[in-house]
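Remarks on the structure that follows.
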Amino acid sequence: MKVIVCQTPGSFELIETEMPAPVPGFSIIQIRRIGVCGTDIHAYAGNQPFFSYPRVLGHELAAEFVEGDAEGFVKGEALTIVPYFNCGNCIACRNGKSNCCTALKVFGVHIDGGMAAYVSVPSYALVKSGGLSLDQLALVEPLAIGAHAVSRAEIKPGEKILVVGAGPIGIGLVLFAQMAGAEVVLMDTNDERLQFCQHHFPVSATINPLQQDAMAMLKEITSGDMPSIVIDATGNQQAINNAFDYISHGGKYILVGLQLGEISFSHPAFHKREATLMSSRNATKADFSHVMAAISTGQIDPLPMITHRLLFDDVLTGFPQLSDPLNKVVKAMIDC
């Protein structure tokens, strides 16, 4: 079977290998769609934290069941997976937070992932399609990242919140924050991304801090209060540090994006607000269920997020182009 391996930063290789063999506790699935995310692009570029090479990328997946001991699945059945493989025994797992397990292995990041014809995954990770299409199934994981962060934010109806970053994760944050009743302001330094989001996923306001006075606009939008919740989806150190200034008194700052450097902010300014700083990592199976229900009931439609498609055999030549700003990629999907 075919497997695409990222041998070193900037280098993919298409290899032939044996099909995975059946193992107790695991199921074999045939990959049908692979969503390309920022993690994959950063890994290919060589600047992804907690990463080693060679590695098979890919964790936003739609697949079909082949064989294994996952209960209730039949051959050919469409599915997705929760790609955060956990130990089930550590303090996080015992407290229902398997998404930040102390021994977490993210498929396609810490261990080889889904850029292959067939893969073997823990049977507990499989999630039934619920009638969703293959494209929809491959979007569940990135949307669940946003849904999880929104859950941690505990948004109240009518709250004015700021989402920083208009990529796929930012779009998920927008959709689920709006479902929770928030009025969402979206910030990004890319006008085309802001226009794309405003066209397909309308928000209350957009801000480009390179071209507009972000502080003045946020004060005007919030009647001087500033956003009660700020969520970063950029993973950009400067953007993360700057956004500490945007939090209201008594507000929350949730970091979804991840970067390699140190966070820097004024302790007195943060302290006087009695602000809350928290991270949001991955998602839970409950978040996946929440996302899939929202799609199936029509509360959200994420398909406009897909702007580019690649065939599996074209990944070696086409993947490097996905990070080129001139190509205006929002979400690329690999068809297998």
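Structural remarks
One line per residue, one yes/no per condition, for (1) surrounded by 12 or more Cβ atoms within 10 Å (Cβ to Cβ); (2) in contact with a helix residue (DSSP H, G or I) (Cβ under 8 Å, 6 or more places away or on another chain):
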{"residue": "Gly10", "(1), (2)": "no, yes"}
{"residue": "Thr17", "(1), (2)": "yes, no"}
{"residue": "Ala21", "(1), (2)": "no, no"}
{"residue": "Ile29", "(1), (2)": "yes, no"}
{"residue": "Ile41", "(1), (2)": "yes, yes"}
{"residue": "Gln48", "(1), (2)": "yes, yes"}
{"residue": "Phe51", "(1), (2)": "yes, yes"}
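- Residue check for Ala62: in contact with a Leu (Cβ under 9 Å, 6 or more places away or on another chain), in contact (Cβ under 8 Å) with a residue 24 or more places away in the chain and either surrounded by fewer than 21 Cβ atoms within 10 Å (Cβ to Cβ) or of a type outside the set (Ser, Thr, Tyr) (or both): yes
Here is a yes/no grid of residues against (1) surrounded by 22 or more Cβ atoms within 10 Å (Cβ to Cβ); (2) of a type in the set (Asp, Glu):
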position: Gly146; (1), (2): yes, no
position: Ala153; (1), (2): yes, no
position: Leu162; (1), (2): yes, no
position: Glu183; (1), (2): no, yes
position: Asp188; (1), (2): yes, yes
position: Gln211; (1), (2): no, no
position: Leu218; (1), (2): yes, no
position: Met226; (1), (2): no, no
position: Asn236; (1), (2): no, no
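For (1) more than 25 Å from Asp324 (Cα to Cα); (2) modelled with pLDDT under 95; (3) assigned by TED's automatic domain parsing to the domain that holds Glu13, each residue gets a yes or a no:
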{"position": "Tyr44", "(1), (2), (3)": "no, yes, yes"}
{"position": "Arg55", "(1), (2), (3)": "no, no, yes"}
{"position": "Glu60", "(1), (2), (3)": "no, no, yes"}
{"position": "Gly76", "(1), (2), (3)": "yes, no, yes"}
{"position": "Thr80", "(1), (2), (3)": "yes, no, yes"}
{"position": "Ala92", "(1), (2), (3)": "yes, no, yes"}
{"position": "Ser98", "(1), (2), (3)": "yes, no, yes"}
{"position": "Leu104", "(1), (2), (3)": "yes, no, yes"}
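- Being at pLDDT 95 or above, touching a strand residue (DSSP E or B) at 6+ places or on another chain (Cβ under 9 Å) and over 30 Å from Phe65 (Cβ atoms) is a property that holds for Leu173.
- Only listed residue being touching a residue at least 12 places away in the same chain (Cβ under 8 Å) and touching a helix residue (DSSP H, G or I) at 6+ places or on another chain (Cβ under 7 Å), chosen from Lys285, Lys252, Lys272: Lys252
- The number of residues in region 176-201 being among the aromatic types (Phe, Trp, Tyr) and either without any contact (Cβ under 8 Å) to a residue 40 or more places away in the chain or under 18 Å from Asn282 (Cβ atoms) (or both) comes to 1.
- Unmet requirement for Tyr53, which otherwise passes all of (1) within 21 Å of Phe12 (Cβ to Cβ); (2) assigned to a strand (DSSP E or B): (2)
- Cβ-Cβ distances below 6 Å connect the following pairs, each with a first residue in region 1-17 that is in contact (Cβ under 8 Å) with a residue 24 or more places away in the chain and in a strand (DSSP E or B), a second residue that is among the aromatic types (Phe, Trp, Tyr) and loosely packed, with under 13 Cβ neighbours inside 10 Å, and a separation of six or more residues or different chains: Thr8/Tyr53.
- Considering each residue of region 168-175 in turn, none proves to be farther than 30 Å from Glu18 by Cβ, over 16 Å from the mean Cα position of the chain (by Cα) and touching a residue at least 60 places away in the same chain (Cβ under 8 Å).
The values are calculated or read from the model by the stated rules, or taken from the named source; none is laboratory data. Given the structure is predicted, the values throughout are model-derived calculations rather than measurements. Positions of Cβ are backbone-derived with ideal geometry, glycine not excepted, and every protein chain shown enters the neighbour counts.
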